[in-house]
Amino acid sequence: MAANKSLLILPGDGIGPEVMTQIRHVIDWMDRRRSVTFAVQEALVGGACYDAHGTAITDQTMAVAETVDAVLLGAVGGPKWDDVPRQHRPEAGLLRLRKDLDLFANLRPAIVFDALVDASTLKPEVIRGLDLLIVRELTSGVYFGEPRGVDTLPDGTERAFDTQLYTKPEIERIARVAFELARKRHNRVASAEKSNVMESGAYWRRVVSHIAATDYPDVEYSNILADNCAMQLLRDPKQFDVIVTDNLFGDLLSDEAAMLTGSLGMLPSASLGAVDPTSGRRHALYEPVHGTAPDIAGQDKANPLATLLSFAMMLRYSFDMAEDADLVEQAVQDVLADGLRTGDIMSPGQTLVSTTQMGAALLAALDRRAA
Ligand code: NAD
């Protein structure tokens, strides 16, 4: 299968570049071994871009981001740029990417690798084999709804308010992402809202239920109240496959689900835009959940697996390369099963390795798997 997949790599700041070096090795490996050609471009983002160009992302890089099949980002920020004006702060680069590419669907998987089952605070039997995906609406809802503000009532009492607001198309498009993804996974979607106490929640439920019945009758569908969902995630998380929810509840539930796995250095994410009806393509940004880890940056200590798993998500969701995504994820399982650990996931009896050593072990595992 010869293909030309275009990819923009933005290593960013702190541990971003050292981690991304390991991902580049995996990309090179795939070029060599899997008859897939990645057309890779690389650019600065965040503080590194501010230092070079006085802005957190350049127009030229944005233009490239608009045209490639997918963007892979390390992380941005760090104390060095604490005093930079707000509009040029490192996060502004990330926010511009999300906004200009209209990345409305945030995908946050929570996967528990067998070898790391003890890293969670939950009992092994509750989380062993966990593999769920939270699909969070990212560009609307109460974080953006108008009106918002603080005002004063005629009697002098101050009050503050935000508006939870969703249009039908906004709900429909995030629901469709969830159903489509479920079809590539275990074919189950749970939609979480507060339809018992919120008008917007009742409306959300109505719209998603309608789409489920009319367009995705083959997908097993259920509604769940968001507070019950939070409890069920701790009680029996394996009951879920895909959870779709709004911006606010998604913010909370995705962090809760992430912590079921117990390790920041292992968590990937993706943010997807709408499918272009003519080209069939969609904008997509893949990035680890963790930040730039300034405390260990430049010391060859960072865990590259969250970014590698983000790359695997890219193979799966942007390039439809499920087999290759599986291969990368299996290589991750293998190195963990061999007892190799970076500092953040280290436990007694395992072998502490550097970022570089972890990268080399991954390539060896890929070689073994592909032999
Ligand atoms: P962080 O995720 O960078 O680090 C939190 C802790 O986890 C640190 O002790 C760090 O050493 C450790 N850690 C994180 N990732 C690791 C990895 N891959 N391997 C090993 N250890 C890892 O969060 P923070 O300290 O709150 O933020 C540091 C900087 O990163 C800040 O400037 C923040 O704004 C930025 N940040 C950026 C993003 C992003 O780019 N998406 C996300 C979060 C934080």
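The numbers here are math on the coordinates, done by the rules we state, and not lab data. A quick note: this is a predicted structure, and the numbers were derived from the prediction, not measured. Every residue, glycine among them, receives a Cβ derived from its backbone with ideal geometry; neighbour counts consider all protein chains shown.
Given the pairs Lys5/Lys184; Lys99/Lys168; Lys5/Lys301; Lys5/Lys99; Lys184/Lys301; Lys80/Lys301, which span a C-alpha to C-alpha distance of over 25 angstrom in this model?
The answer is Lys5/Lys301; Lys184/Lys301.
Please list, by residue number, every one of the trypsin sites (Lys or Arg not before Pro) in the range 259-359 that is coil in DSSP and has at most 16 other beta-carbon atoms within 10 Å.
Within the range 259-359, the qualifying trypsin sites (Lys or Arg not before Pro) (loop, at most 16 other Cβ atoms within 10 Å) are Arg281.
Take every DSSP beta bridge with both residues inside the range 112-262 and express the antiparallel ones as a percent of the total, to the nearest 5.
Around 20 percent of the beta bridges assigned by DSSP in the range 112-262 are antiparallel ones.
Tell me, what is the percent relative contact order of the range 1-141, built from C-alpha pairs under 8 Å that lie six or more residues apart? Mind dumping the intermediate values first?
Working: 224 pairs, mean separation 34.5, N = 141.
Averaging sequence separation for qualifying contacts and normalising by length gives 24 percent for the range 1-141.
Mind giving me the nanometre distance, one decimal, between the label points for Asp83 and Ala337, set 7 Å out from Cα along Cα→Cβ?
Computed distance between label sites Asp83 and Ala337 equals 5.3 nm.
Go ahead and set up a Gaussian network model of the chain, Cα springs under 10 Å, then flag whichever of Pro17, Pro109, Pro169 fluctuates most.
With Cα springs under 10 Å in the chain, the top fluctuation among Pro17, Pro109, Pro169 is at Pro169.
Need one number for the range 112-262: average projected area of the convex hull over its C-alpha atoms, nm².
Over every viewing direction, the Cα hull of the range 112-262 projects on average to 10.5 nm².
Pairing the Cα long axis of helix 247-261 with the longest principal axis of the chain, what angle in degrees results, from 0 to 90 and rounded to the nearest 10?
Its long axis makes an angle of about 40 degrees.
Considering only DSSP beta bridges with both partners in the chain, what is the antiparallel share in %, to the nearest 5?
In the chain, DSSP labels about 40 percent of beta bridges as antiparallel.
Filter the GluC sites (Glu not before Pro) in the range 127-190 down to the DSSP loop ones having no more than 11 other Cβ atoms within 10 Å, then list what survives.
none
Report the gain in length on full extension from Phe144 to Val126: 0.36 nm times residue separation, minus Cα-Cα distance, nm rounded to one decimal.
2.9 nm
How much mean residue ellipticity at 222 nm does the chain get from its helices, if each DSSP H run of length 4 or more adds -39500 (n - 2.57) and you divide by all residues, to the nearest 500 deg cm²/dmol?
-13000 deg cm²/dmol, from helical runs alone.
Would you tally the net charge around Leu327, using a Cβ to Cβ cut-off of less than 13 Å, leaving Leu327 out, and scoring K and R as +1, D and E as -1?
-1
For Met30, what is the net charge nearby, where nearby means another residue's Cβ is under 10 Å from its Cβ and Lys, Arg count +1, Asp, Glu -1?
+1
Send over the Kirkwood Rh of the chain, from the inverse of the averaged 1/r over different Cα pairs, rounded to one decimal Å. Walk me through the numbers on the way to the answer.
Numbers: mean 1/r = 0.0464 Å⁻¹.
Hydrodynamic radius (Kirkwood, Cα pairs) of the chain is 21.5 Å.
Using only Cα atoms, find the angle between the long axis of helix 90-100 and the longest principal axis of the chain, and express it within 0 to 90 degrees, rounded to the nearest 10.
Computed tilt is about 60 degrees.
Return the long-range amide H neighbours of Val244 (sequence gap of 5 or more, or a different chain), with a cut-off of under 5 Å between placed amide H atoms.
Val135, Ala190, Ser191, Ala192
So what is the relative contact order of the range 202-296, in percent, for Cα pairs below 8 Å that sit 6 or more residues apart?
Over the range 202-296, the number comes to 17 percent.
How far apart, in nm, are the 7 Å Cα→Cβ label points at Ala52 and Leu153?
The two pseudo-label positions are separated by 5.5 nm.
Using only Cα atoms, tell me the angle between helix 16-33 and the longest principal axis of the chain; keep it within 0 to 90° and round to the nearest 10.
70
With an 8 Å cut-off on Cα pairs and a minimum separation of 6 or more residues, tell me the relative contact order of the chain in percent.
Relative contact order, the chain: 20 percent.
Return the lysines within reach of Lys123: Cα separation strictly under 18 angstrom, same-chain partners fewer than 8 residues apart disregarded; answer none if there are no such residues.
Lys238
Take the Cα gyration tensor of the range 212-371, multiply each eigenvalue by 5, square-root it, and list the three semi-axes largest first, rounded to whole angstrom.
31, 21, 16
Exactly which trypsin sites (Lys or Arg not before Pro) in the range 116-154 are in a DSSP loop and have at most 16 other Cβ atoms within 10 Å?
Arg128, Arg148
Considering only Leu363, Leu305, Gly77, whose Cα is most displaced toward the positive end of the charge dipole of the chain, charges sitting on Cβ of Lys, Arg (+1) and Asp, Glu (-1)?
Leu363
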